[in-house]
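See structure below.
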Amino acid sequence: MKITFKIWRQKNSDSKGTLKTYDVDGLTEDMSFLEALDHLNEQLVLKNEEVIAYEYDCREGICGQCGVFINGRAHGPHDHMTTCQLHMRSFKDGDTIVVEPWRAKSFPIIKDLIVDRSAFDRIIEEGAYISSKTGTAPESNAIPIPKAKADKAMDAAACIGCGACVATCKNSSAALFTSAKINHLNSLPQGKAEEHERVEAMTWQMKEEGFGSCTFTGACEVECPEAISITNIAEMNARKLKAKLLG
Amino acid sequence: MALNFLFYRKSLIALTGLFLCVFLVVHLSANAILLLPNDIASELYNSYSHTLRENPLITVVAYVLYISIVLHAVVALLITLHNRKAKPQKYIMDKSQQNSSWYSKNMGILGTLILIFIIIHLANFWARIKLGIGEEVLLDKNGYKDVFSVTYELFQNIWFVLFYSILAIPLAFHLYHGLKSGFKTLGFYHKKGLRILAKVSLIYAIIMGVGFGIIPIVVYFK
Ligand code: HEM
Ligand code: SF4
Ligand code: FES
């Protein structure tokens, strides 16, 4: 199949970027979206042009590295899917596909489609861990955790830190990501001891990083590959209030 | 660190917004009197209005109301500007209509329309009745200020009828999203509760939109 790609090219964080058009032939429907970009890059190498920079690692939807904005949506036209899980069969022969990097003040563009998501790391550093020494793995039933709680924590822990929530949010709010990290730990007994400090420190860092505030448009939970529910944000707000009153 | 205005300002929008939502219920219920036949409506409306003006508790609530409107609008403006700055470069291709509603993304614009409405609305009634600016308000046969006639005359002007009725539409959309969002901002996260809240918000917004929208038209054709 034949596709016209319009891809954001930007030399570095200081330069001004622009969309460049590439007509690409020889694609097949069973190629993944990243394989289509690989195919394009191979052609650029042969033509001695600079290849397009984009990120990936696992190519199976678990590492969260591959996020780009495809045809006006985070990770492409489907809900709840990473870019690496998107395949060319989702497009028609002759389509034009616009590819842009995540856009947010707190995610500066490094090059082409790669953005700097270290703001997420700094939020994590503020408390997405427990500070006690855990030693070797304890007996699995030593700490009883009801099934419903374990499931809830697991659902939140599924966040892969891809940044689609920030990318798609009109306010570039990191509330879905931050709430997933907070609720994951705060709903488990191991996380309880530091629950109030965690909420305050992590939400504070989120603000310091320059992310906007959540206005519940709901775009994030639609684009999130892990379908993290937006109710996590409401729960984080409740925890924040609780920390303020009791913490 | 905990006491930072910026950190909690979103709750301020939600609190003032929800208070305004409660006020609107009371306000619409009172205005529904205008739907009754003119002679009954006139007496009821004027005596109700008189009772409100004489009640010291209502005077306090009225000040809370003014402060809420100003706080809500000012903080909403600050947040909207801050949120815009968080995304300095927009997407060249944007299909966000596939993942979120237009009204949830344009609360600031809807709110600004409501603010324009509120200013004109206060100039029409509050300024004339409470501040005595403009044409004097006459007394009815019970010796109460004839607020009914002020309303009735205003809505003989088709332009005011259109203005009031059309602006009930952005009001309804702002309320629909605002009610749902406000509870979540304040930390209500019960899943089933939120599903009920979404339905309640829709019904509330329809009642407010249709209610406020239809009264001027009914009065015009009476
Ligand atoms: C009758 C008057 C009004 C009522 C009843 C009302 C109600 C509400 C409620 C309940 C919220 C939810 C708060 C939250 O999301 O946490 C809200 C949000 C908001 N309101 Fe209002 N509002 C009114 C007027 C205004 C005015 C005059 C503005 C002027 C700019 C405005 C702008 C906003 C904005 C920007 C938001 C936050 C956006 C969002 O949550 O998506 N509102 N409003
Ligand atoms: S919450 Fe979802 S969209 Fe946001 S970073 Fe985590 S996995 Fe990605
Ligand atoms: S490359 Fe790992 S999630 Fe896509």
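The values are calculated or read from the model by the stated rules, or taken from the named source; none is laboratory data. Since we're looking at a predicted model, the values are computed, not measured. Note that each Cβ is placed from the backbone with ideal geometry, even for glycine, and that neighbours are counted across all protein chains shown. The accessibility values were calculated without ligands, DNA or RNA, using every heavy atom of the protein model including side chains. Shrake-Rupley method; radii C 1.70, N 1.55, O 1.52, S 1.80 Å.
Taking B:I215 as meeting all but one of (1) in contact (Cβ under 8 Å) with a residue 60 or more places away in the chain; (2) more than 14 Å from chain A (Cβ to nearest Cβ); (3) open to solvent by 30 Å² or more (accessible area, probe 1.4 Å), write down the number of the exception.
(3)
Could you go through the range B:117-132 and let me know if any residue there is of a type in the set (V, I, T), near ligand 1 (Cβ under 10 Å from one of its atoms) and touching a residue at least 60 places away in the same chain (Cβ under 8 Å).
Among the residues of the range B:117-132, not one is of a type in the set (V, I, T), near ligand 1 (Cβ under 10 Å from one of its atoms) and touching a residue at least 60 places away in the same chain (Cβ under 8 Å), which makes the answer no.
For A:F33, which of the numbered conditions (1) within 12 Å of another protein chain (Cβ to nearest Cβ); (2) over 25 Å from A:S229 (Cα atoms); (3) within 15 Å of ligand 3 (Cβ to nearest atom); (4) touching a Gly at 6+ places or on another chain (Cβ under 7 Å) fails to hold?
Unmet for A:F33, out of (1) within 12 Å of another protein chain (Cβ to nearest Cβ); (2) over 25 Å from A:S229 (Cα atoms); (3) within 15 Å of ligand 3 (Cβ to nearest atom); (4) touching a Gly at 6+ places or on another chain (Cβ under 7 Å): (1).
Against the conditions (1) of a type outside the set (K, R); (2) under 30 Å from A:G76 (Cβ atoms); (3) open to solvent by less than 40 Å² (accessible area, probe 1.4 Å), where does A:G127 fall short? Just the number, please.
The single condition A:G127 does not satisfy is (2).
Inspect the range A:162-180 for any residue being away from ligand 1 (no atom under 16 Å from the Cβ), of a type in the set (S, T, N, Q) and away from chain B (no Cβ under 14 Å) and give the result as yes or no.
For the range A:162-180, residues away from ligand 1 (no atom under 16 Å from the Cβ), of a type in the set (S, T, N, Q) and away from chain B (no Cβ under 14 Å): absent.
Search the range B:184-209 for residues that are within 10 Å of another protein chain (Cβ to nearest Cβ) and pair each with any residue that is not in a helix (DSSP H, G or I) when their beta-carbon atoms are under 6 Å apart and the residues are at least 6 apart or on different chains.
B:K184/A:F216
Give the residue that is surrounded by the most Cβ atoms within 10 Å (Cβ to Cβ), with candidates limited to residues of the range A:193-234 that are facing chain B (nearest Cβ under 8 Å), touching a residue at least 24 places away in the same chain (Cβ under 8 Å) and of a type in the set (A, V, I, L, M, F, W, C).
Step by step, filter the range A:193-234, then rank; the result is A:F211.
Does A:G94 qualify as being under 19 Å from A:C159 (Cβ atoms), at pLDDT 95 or above and either of a type in the set (S, T, Y) or part of a loop (DSSP other than H, G, I, E, B) (or both)?
So A:G94 fails the test.
So how many residues does the range B:90-119 have that are away from chain A (no Cβ under 12 Å) and open to solvent by 60 Å² or more (accessible area, probe 1.4 Å)?
6
Looking at the range B:59-89 only, could you name the residues that are in a helix (DSSP H, G or I), at the interface with chain A (Cβ under 7 Å from one of its Cβ atoms) and open to solvent by 40 Å² or more (accessible area, probe 1.4 Å)?
B:H82, B:K85
Return the residues of the range A:160-170 that are more than 8 Å from the chain's Cα centre (by Cα) and open to solvent by 20 Å² or more (accessible area, probe 1.4 Å); say none if nothing qualifies.
A:K170, the sole residue that qualifies.
Take B:N157 and tell me if it is free of Cβ contacts under 8 Å to residues at least 60 places away in the same chain, polar (S, T, N, Q) and more than 16 Å from ligand 3 (Cβ to nearest atom).
Yes: the conditions hold for B:N157.
May I ask you to list the residues in the range A:26-43 that are in contact with a helix residue (DSSP H, G or I) (Cβ under 7 Å, 6 or more places away or on another chain), over 14 Å from A:K2 (Cα atoms) and either in a helix (DSSP H, G or I) or not small (G, A, S) (or both)?
Matches in the range A:26-43: A:L34 only.
Return the only residue of A:I228, A:I130 being modelled with pLDDT of 95 or more and of a type in the set (V, I, T).
Unique residue meeting the criteria: A:I228.
With the requirement that a residue be more than 6 Å from ligand 1 (Cβ to nearest atom) and in contact with a helix residue (DSSP H, G or I) (Cβ under 6 Å, 6 or more places away or on another chain), what does the range B:159-174 give you?
B:F160, B:V161, B:Y164, B:S165, B:L167, B:A168, B:P170, B:L171, B:A172, B:F173
What do you reckon, is B:A86 more than 16 Å from ligand 3 (Cβ to nearest atom) and over 24 Å from A:P108 (Cβ atoms)?
Considered against the rule, which asks whether it is more than 16 Å from ligand 3 (Cβ to nearest atom) and over 24 Å from A:P108 (Cβ atoms), B:A86 comes out as no.
If I filter the range A:147-159 down to residues being more than 16 Å from ligand 3 (Cβ to nearest atom) and touching a residue at least 40 places away in the same chain (Cβ under 8 Å), which single residue comes out as least open to solvent (accessible area, probe 1.4 Å)?
Taking the candidates together, the pick is A:A156.
Name the residue that is nearest to ligand 1 (Cβ to nearest atom), counting only residues in the range A:235-244 that are open to solvent by 20 Å² or more (accessible area, probe 1.4 Å) and more than 7 Å from every other protein chain (Cβ to nearest Cβ).
The extreme case among them is A:K240.
Identify, by number, the condition in (1) modelled with pLDDT under 95; (2) outside any helix (DSSP H, G or I); (3) of a type outside the set (D, E) that B:A127 doesn't meet.
Condition (2) is where B:A127 drops out.
Give me the residue from the range A:46-62 that is of a type outside the set (A, V, I, L, M) and within 21 Å of A:V115 (Cβ to Cβ) and, out of that set, surrounded by the most Cβ atoms within 10 Å (Cβ to Cβ).
Top of the filtered list is A:Y54.
Under 22 Å from A:E221 (Cα atoms), more than 16 Å from ligand 1 (Cβ to nearest atom), at pLDDT 95 or above and open to solvent by 30 Å² or more (accessible area, probe 1.4 Å): which single residue out of A:Q65, A:Q43 fits that description?
Of the residues listed, the single one that is under 22 Å from A:E221 (Cα atoms), more than 16 Å from ligand 1 (Cβ to nearest atom), at pLDDT 95 or above and open to solvent by 30 Å² or more (accessible area, probe 1.4 Å) is A:Q65.
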